[in-house]
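Undergrad: Shown below is the structure under consideration.
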Amino acid sequence: MTKTMENINMALMRVRRLAQLTLPAEVRRALNVQEGDYLEAKIVKGGVLLKPVAMVERERAWEGILDATSQVRDLKPDASKSNEEEEEEIAESIKAFRRKKRTHA
């Protein structure tokens, strides 16, 4: 938590018509929340937790999906290997990846 957020005491808000809430200015500044931004509401013990969330525009999201799928290659299994050999090779690849990840963590 940043110093700015730690200095903000509990803010009192009132539920308005149509169940609307207004976040006090100091809370909006501390969370960098602006008009039109989305907040995720989660019921927690003793209250509600509001967290800012990033929403990606649908068009940008599709561009990202199309870019990712364009990089996918179809790797057909090697017909000369048995299923057991293929499974063993996959298991070894996973183990090597996990070992590498642990050494870099």
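Bear in mind that the values in this text are calculations on the coordinates, not laboratory data. Quantities reported herein were computed from a predicted structural model and do not represent experimental measurements. Ideal geometry is used to build each Cβ from the backbone, glycine not excepted, and the neighbour counts take in all protein chains shown.
Undergrad: Give the total of Lys-Lys pairs in the chain with Cα-Cα distances below 25 Å; include a pair only if its members are 8 or more places apart or on different chains.
TA: The result is 6.
Undergrad: Let me ask something additional. Pick the calculated mean projected area of the Cα convex hull in nm² for this structure from (i) 11.3; (ii) 13.5; (iii) 6.7?
TA: Comparing each candidate, only (ii) matches the computed number.
Undergrad: Along the charge dipole of the chain, pointing to its positive end and built from +1/-1 on Cβ of Lys, Arg, Asp and Glu, which listed residue (THR69, SER93, ASN32) has its Cα farthest out?
TA: About the Cα centre, the residue reaching furthest to the positive side is ASN32.
Undergrad: So what's the back-of-envelope 222 nm ellipticity for the chain, counting only DSSP H runs of four-plus at -39500 (n - 2.57) apiece and dividing by all residues, rounded to 500?
TA: Calculated at 222 nm, the ellipticity per residue is -13500 deg cm²/dmol.
Undergrad: Where does the longest stretch of the chain lie that holds no trypsin sites (Lys or Arg not before Pro) found in a DSSP loop with 10 or fewer other Cβ atoms within 10 Å?
TA: 74-105
Undergrad: When Rg is the radius of gyration of the Cα atoms in region 3-53 and Rh is its Kirkwood radius, what does Rg/Rh come to?
TA: My calculation of the ratio gives 0.94.
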